[in-house]
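What follows is one structure encoded as structure tokens, with my remarks underneath.
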Amino acid sequence: MIINETLRTLKQRRSIRSFRDEQIKEEELQAVLEAGLYAPNAGDQAWHFTVIQNKELLDRLNLAAKEGAKQLDIEGLEEMANNEQYNCLYGAPTLIIVSGKQAPIPLEADCAAATQNLLLAAESIGLGSCWIYFVIFAFYSPLGPELSKELKIPEGYKPYYSAVLGYKQDSVVNVPVRKPNLITYIR
Ligand SMILES: Cc1cc2nc3c(=O)[nH]c(=O)nc-3n(C[C@H](O)[C@H](O)[C@H](O)COP(=O)(O)O)c2cc1C
């Protein structure tokens with residue numbers, strides 16, 4: 001089996017849901033953002049990254065996301081939204097929201113590729129990260145339009161995904177065994 005630094009990073013990355021309070025370094029943030037900007041894209045880089053490192057705003061986003069989630073009739077979501085202990089951002093000090101331009105071809109896949117790049121770059125420099133969809137529910141809450149303005153989401157762009165970043169609280173993370181029989185070869 002071939003193994004190199006990139007493959008090791010890909011396999012080591014896990015969703016981290018417990019972070020230290022300390023903010024990540026600016027150079028770490030910039031390295032992660034730069035990686036996001038180099039993701040494959042169909043829309044000629046028609047994405048936008050919003051970095052939020054303000055604790056008060058992160059707390060408000062968590063609450064707004066839970067309000068938004070309550071309004072959607074999706075099984076399991078209501079329980080999370082009503083759980084006061086649940087913080088959809090896990091107390092991470094940095095959140096990056098990835099928005100895509102509203103275009104005839106939706107740019108969700110571009111934003112997903114960029115989000116994955118953020119996570120892999122984070123892992124490669126020793127940061128913890130987690131892909132967070134839940135916080136996007138904030139934009140479905142009554143506060144959505146106001147939040148979009150406050151976050152300076154560009155006109156005509158839709159927040160699709162996000163990633164939280166921070167220093168890992170625990171270094172040992174459970175790695176679920178990979179499922180078998182997920183590949184078909186036709187040769
Ligand atoms: C589209 C997408 C949305 C996700 N949203 C959330 C989320 O809102 N909250 C969360 O804790 N994890 C979220 N995750 C992370 C997954 O739960 C996680 O990747 C999965 O359990 C596999 O674990 P691993 O990342 O450690 O390999 C999301 C992942 C993807 C791809």
At q = 0.09, 0.10, 0.12 Å⁻¹, what is the log10 ratio I(q)/I(0) for the chain, with the Debye formula run over Cα points and no solvent?
-0.35, -0.43, -0.62
Over the Cα atoms of the range 47-86 the radius of gyration and the largest Cα-Cα distance (Dmax), both in Å, equal 12.1, 33
Taking the range 46-147 on its own, what percent of its Cα-Cα pair distances exceed 19 Å?
47 percent
Accessible-area ranking of Tyr167, Tyr157, largest first, probe 1.4 Å:
Tyr157, Tyr167
Count the lysine pairs in the chain whose Cα atoms sit under 19 Å apart, keeping only pairs 8 or more residues apart in sequence or on different chains.
13
Which residues qualify? For Ile16, with a placed amide H closer than 5 Å and at least 5 residues away or on another chain, they are Ser129, Cys130
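Given a 1.4 angstrom probe, I'd like the percentage of the accessible area of the range 24-166 that is carbon and sulfur, rounded to a whole number.
Numbers: 3700 of 7110 Å².
On the range 24-166, the fraction of accessible area on carbon and sulfur atoms equals 52 percent.
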Residue among Tyr38, Tyr160, Tyr90 with the largest mean-square fluctuation in a Gaussian network model of the chain, springs linking Cα atoms under 10 Å
Tyr38
With a 1.4 Å probe and all protein chains kept in place, how much accessible area does Ile3 have, in Å² rounded to the nearest 10?
90 Å²
Of Ala113, Ala138, Ala122, the one that fluctuates the most in a GNM where the chain has Cα springs shorter than 10 Å:
Ala113
How far is the Cα center of the range 81-135 from the Cα center of the range 22-80, in Å?
5 Å
On average, how much accessible surface per residue is there in the chain, in Å², for a 1.4 Å probe, leaving out ligands, DNA and RNA?
61 Å²
Only helices counted: for the chain, with every DSSP H run of 4 or more residues adding -39500 (n - 2.57) and the sum spread over all residues, [θ] at 222 nm is -10500 deg cm²/dmol
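The values are calculated or read from the model by the stated rules, or taken from the named source; none is laboratory data. What you are looking at is a predicted structure, and each value in this text was computed from that prediction instead of being measured. Accessible surface areas use protein heavy atoms only, side chains included; no ligands, DNA or RNA. Shrake-Rupley method; radii C 1.70, N 1.55, O 1.52, S 1.80 Å.
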